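The values are calculated or read from the model by the stated rules, or taken from the named source; none is laboratory data. Small disclaimer: the values here were computed from a predicted structure and weren't measured. Cβ placement follows ideal geometry from the backbone for every residue including glycine, while neighbour counts extend to all protein chains displayed.
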Amino acid sequence: MRNERIQHQLRNLPAVPGVYLMKDAAGDVIYVGKSKNLQQRVRSYFYASHNRSKKVERLVHNVQDLELRITDTEFEALMLECQLIRELKPMYNKKMKSPHGYPYVAIRDNEGIWDLEVVDVPEAPEIRQVYGPYTASRYSVEEAVRGIREALSIACSRPRTTSIGVPCLNHSLGLCLGACLGGEAIERNNHTINRFTALLDGSDASLRVELEGRMRGAAERYDFEAATKIRDVLNAMDLLAKQEEIAGFAEQNGNIVVLERLSEREAKWFMLQRYTILHGQKVELSGNSPTSLSMEMAEEALACFSKGVYSLAGKPTRDEIDEARIIYRYLQSSECRYALIPQAWIQEADTARIAHVLEEII
């Protein structure tokens, strides 16, 4: 039976965006969640008992108090949720709590033979290049890499204690180009991995086109098993490439001004730098001309971005990837309009050019 405090809180939940913190009898936060509609989301934990998993059952049993953090938009709720989970480390938010929650894909150099490998720590002498971190489960990433290695015949299984020149087991199975034998096979192996990394960073999609051709050919021969395997490999490549697209976007665009309309008369501006909301402000759209409003916001943006609190260089780290993913998806949605502000404009204090691009999104 729920205590009277929880019952009262459930009756008075607002139907607005925000973050909810569930606390136990000691007052410790055991779960942090977010929703576009706090009323519907929080009540669903307590009223939809027949659909609840065992994990949720245990969570609800231990909840003795609720704390709400109201936001104006779902985007703010998502960003606040990430921040609070990282700070509070609630026991039921295990995914983000784990220091090994998000793996990387590395290109490792083993005596001149390159290979793909899933790693937790991207820094090592043998690692030539690293991709990620990936927010998909470690199992999904490992399965993606396994399928890619086998499909591209770069799954050399030569033990490090074995000299080059001895064929590995996978070579006999057709899963290794023969890098273990040395010579030109090493070049073919490494060239194939170069083509794969070019696909990940978006500079060359020819490998994907080639695999699509192989898939169609297999289907035309009615070899549906082979076609399905290639389709799965293409999906695996897309999984990895999408994350790199997010990281690449976040890396290239450090200063972003976002406008989200809350109603016909009101909107909210956000100043984003790196993966952090520097400033949020509600503005009245009616009664303000786009020109005067854009100039006002340009001055605010210049003041925010010129502080240079966050480094604009480098890919998102494991600690930043959640925010990077949220920002990327938010900017690609229909919820907002945004403008990228080059760092050169900030350094030159070019308010007029900043105002011009802001006027276009009002």
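Of note:
- When residues of region 84-109 are limited to those that are crowded, with 16+ Cβ neighbours inside 10 Å and within 15 Å of the chain's Cα centre (by Cα), the one modelled with the highest pLDDT: V105
- Looking across region 24-44, the residues that are free of Cβ contacts under 8 Å to residues at least 60 places away in the same chain, closer than 20 Å to R58 by Cα, touching a strand residue (DSSP E or B) at 6+ places or on another chain (Cβ under 9 Å) and not in a helix (DSSP H, G or I) come down to D24, A25, G27, G33, K34.
- Boolean, L293 is out of contact with any strand residue (DSSP E or B) (no Cβ under 6 Å at 6 or more places or on another chain) and either among the charged types (D, E, K, R) or crowded, with 16+ Cβ neighbours inside 10 Å (or both): yes
- Total residues in region 256-268 satisfying the condition of being more than 13 Å from L331 (Cα to Cα) and modelled with pLDDT under 95: the figure is 7.
- Residues in region 339-356 that are in contact with a strand residue (DSSP E or B) (Cβ under 9 Å, 6 or more places away or on another chain) and crowded, with 18+ Cβ neighbours inside 10 Å: 5 in all.
- Yes/no for V118 being free of Cβ contacts under 8 Å to residues at least 40 places away in the same chain, assigned to a helix (DSSP H, G or I) and not polar (S, T, N, Q): no
- Residue match in region 175-193 (condition: of a type outside the set (A, V, I, L, M), in contact with a His (Cβ under 9 Å, 6 or more places away or on another chain), touching a residue at least 24 places away in the same chain (Cβ under 8 Å) and surrounded by 15 or more Cβ atoms within 10 Å (Cβ to Cβ)): yes
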